[in-house]
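Below is one structure, written out as structure tokens, with a few remarks after it.
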Amino acid sequence: MLRKIFYKIWNFWLRLPEKLRFLVIGGFNTVIAYMIFVLCLLVAGTDKYQMCLLLAWILSSFVSFVMMKTFVFCTKGGWKSEYLKCAASWLVSYVVNAVILQILVQNLMWNIYLAQMLAVAIYTCVTYILFKY
């Protein structure tokens, strides 16, 4: 009984467009990364925002990889090679995020939390393109 329900949910999920699955799973992963970022800021202090960003990136990258591989792109095997491709994509996204955050906080004097929200919106688009191609 439970197995049938699982398969129905899974089949429904797989019929959703890939972009929609990416948004749902990416949104979930983004919330996790943002929460880690905020918690790190609360512990380390807002002056350490770049360190907090790096920590959030490191901690959330594995969860994000597994979620994207399993629930968005539904690829089989190739864990090591796919992870290396993902890590390279995330590295680009991380650098984009860090630069945007630096400009908004240091140059434009934005609130760190709002600056990170805008940076997330921008790097999410970059990440989708990198993951897709």
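The values are calculated or read from the model by the stated rules, or taken from the named source; none is laboratory data. Computed from a predicted structure; not experimentally measured. Quick reminder, even Gly has a Cβ in these numbers, built from the backbone with ideal geometry, and neighbours come from all protein chains shown. The area values use the complete protein model at the heavy-atom level, side chains included, leaving out ligands, DNA and RNA. Shrake-Rupley method; radii C 1.70, N 1.55, O 1.52, S 1.80 Å.
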Checklist entry - Could you count how many residues in the range 106-128 are aliphatic (A, V, I, L, M), touching a helix residue (DSSP H, G or I) at 6+ places or on another chain (Cβ under 9 Å) and open to solvent by 80 Å² or more (accessible area, probe 1.4 Å)? => result 3
Next on the checklist: Looking only at the range 87-105, how many residues end up being open to solvent by less than 60 Å² (accessible area, probe 1.4 Å), within 15 Å of residue 120 (Cβ to Cβ) and either at pLDDT 95 or above or of a type in the set (A, V, I, L, M) (or both)?
Outcome noted: 6
Next on the checklist: Being of a type outside the set (Phe, Trp, Tyr) and either under 19 Å from residue 114 (Cβ atoms) or out of contact with any helix residue (DSSP H, G or I) (no Cβ under 9 Å at 6 or more places or on another chain) (or both) is true for just one of 74, 52. Which residue is that?
Outcome noted: 52
Item to check | Residue count for the range 30-48, restricted to those that are open to solvent by less than 20 Å² (accessible area, probe 1.4 Å) and of a type in the set (A, V, I, L, M) | outcome: 2
Checklist entry - Does the range 68-81 contain any residue that is open to solvent by less than 40 Å² (accessible area, probe 1.4 Å) and touching a residue at least 60 places away in the same chain (Cβ under 8 Å)? => result yes
